[in-house]
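Here's the structure we're looking at; comments come further down.
The values are calculated or read from the model by the stated rules, or taken from the named source; none is laboratory data. None of the values given here were measured: they were computed from a predicted structure. Neighbour counts run over all protein chains shown; Cβ positions are idealised from the backbone, glycine included. Only protein heavy atoms, including side chains, enter the accessible area calculation; ligands, DNA and RNA are left aside. Shrake-Rupley method; radii C 1.70, N 1.55, O 1.52, S 1.80 Å.
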Amino acid sequence: DSILEAQDLIFKYPDGTKALNGLSISIEKGKKVAVLGANGAGKSTLFLHFNGILQPNEGQILFDGEVINYKKKMLKELRKNVGIVFQDPDMQLFSSSVFQEISFGPLNLGLSEEKVKERVHDAMEVTGILDLKEKPTHLLSYGQKKRISIADILAMKPQVIIFDEPTVWLDPKHSIEIIDFFNEINKQGITVVLSTHNVDLAYSWADYVYVFAEGKILGTGEPEEIFKDK
Ligand code: ADP
Ligand code: ADP
């Protein structure tokens, strides 16, 4: 079953840049999916369509088999279920303290204060930042901000988490840690999608790989099929 699907997406930015060029993709529930492609291939633009931040010029997005209609209620549901961790955590963090930051999403879902506290605690525990609870977000290191931006998303308990270039700035040790972390959340039933330039990472980690170029999909398959010439 596919959890997220894009059908024949065409998208141009307001300045005329054609970012998606008739792109179709189907992401299976519960899988580990890697999206490979050079800078500018359209990966981030697709992700922004997957949680309704961008709306295609042509084509459609389906979540759990349902076509997104861009009405308020459906968008809210989509954003609750599809979390994106952006490359730059400063794009995501805006509250004054770490606790406030992570509780923002769950509060917005209308959960009780008790439930919100529980979710924030669990998300901070999993990302190893319980000691940062009272810290002002502007005093944090890059690595700490990154963890908070992940905790932000986890606290929403989405069905899919998309990581935009999660390892691009990381040294090997931090990269291995984050990959272990992806596997852990995947075991809990979350579909994990990540974009990367790293062919070895896609090969060793993913159940399924999509190769992007120029706003289209160039190839898809299990790593063994896609990289059989390696
Ligand atoms: P990727 O994530 O694969 O690096 P992007 O989706 O960011 O690719 O970019 C796809 C294309 O859209 C590129 O040509 C990029 O320059 C362009 N683009 C991205 N964001 C914008 C924007 N806000 N305005 C205009 N063009 C953009
Ligand atoms: P920690 O809180 O785990 O000590 P650091 O701030 O040392 O985190 O950074 C964690 C990782 O983020 C490192 O692998 C480092 O290469 C990377 N990093 C640190 N600062 C930046 C930055 N300004 N831009 C991009 N990557 C960074």
Tell me the per residue accessible area of the chain using a 1.4 Å probe; a whole number in Å² is fine.
51 Å²
Given Cβ point charges of +1 (Lys, Arg) and -1 (Asp, Glu) and nothing else, what value in debye, to the nearest 20, does the dipole of the range 1-139 about its Cα centre take?
260 debye
Given the protein chains as shown and a 1.4 Å probe, how many square angstrom of D207 are accessible, to the nearest 10?
60 Å²
On the accessible surface of the range 111-230, probed at 1.4 Å, how many percent belong to carbon and sulfur atoms?
52 percent
Inter-label distance, nm, simple model (7 Å from Cα along the C-beta direction), T220/I10:
2.0 nm
Please compute one quarter of the surface area of the Cα convex hull for the range 83-151 and express it in square nanometres.
4.3 nm²
With helices defined as uninterrupted DSSP H runs, which ones in the chain have an alpha carbon span along their own long axis of at least 30 Å and mean Kyte-Doolittle hydropathy of at least 1.6?
none
Just to be sure I understand the curve: with the Debye formula and one point per C-alpha of the range 172-219, what is log10 I(q)/I(0) at q = 0.17, 0.18, 0.19, 0.30 Å⁻¹?
-0.57, -0.63, -0.69, -1.24
For the range 152-194 and the range 75-120, compute the distance between their C-alpha centroids and round to whole Å.
16 Å
Of L109, F163, Q144, which is farthest on the positive side of the dipole of the chain, counting Cα position, with +1 on Lys and Arg Cβ, -1 on Asp and Glu Cβ, and the Cα centre as origin?
L109
Computed, not fitted: 222 nm per-residue ellipticity of the chain from DSSP H runs ≥ 4 (each -39500 (n - 2.57)), nearest 500, equal to -10500 deg cm²/dmol
Label the range 101-216 by shape, choosing from rounded, prolate and oblate, from the square roots a ≥ b ≥ c of the eigenvalues of the Cα gyration tensor; if a/c is under 1.5 it is rounded, and otherwise prolate applies when a/b is larger than b/c, oblate when it is not.
prolate
Overall Cα dimensions of the range 136-199 - principal axes, largest extent first, Å
33, 30, 16
With equal scatterers on the alpha carbons only and no solvent term, can you work out the Debye log10 of I(q)/I(0) for the range 29-183 at 0.20 1/Å?
-1.41
Per residue of the range 210-220, what does 6.51 cos²θ - 1.76 cosθ + 1.60 with θ = phi - 60° give for ³J(HN,Hα)? Whole Hz please, x for Gly and Pro, Karplus curve as stated.
10, 10, 9, 8, 6, x, 9, 9, 8, x, 9
What number, in percent, do you get for the relative contact order of the range 32-173 if the mean sequence gap of Cα pairs under 8 Å and at least 6 apart is divided by its residue count?
30 percent
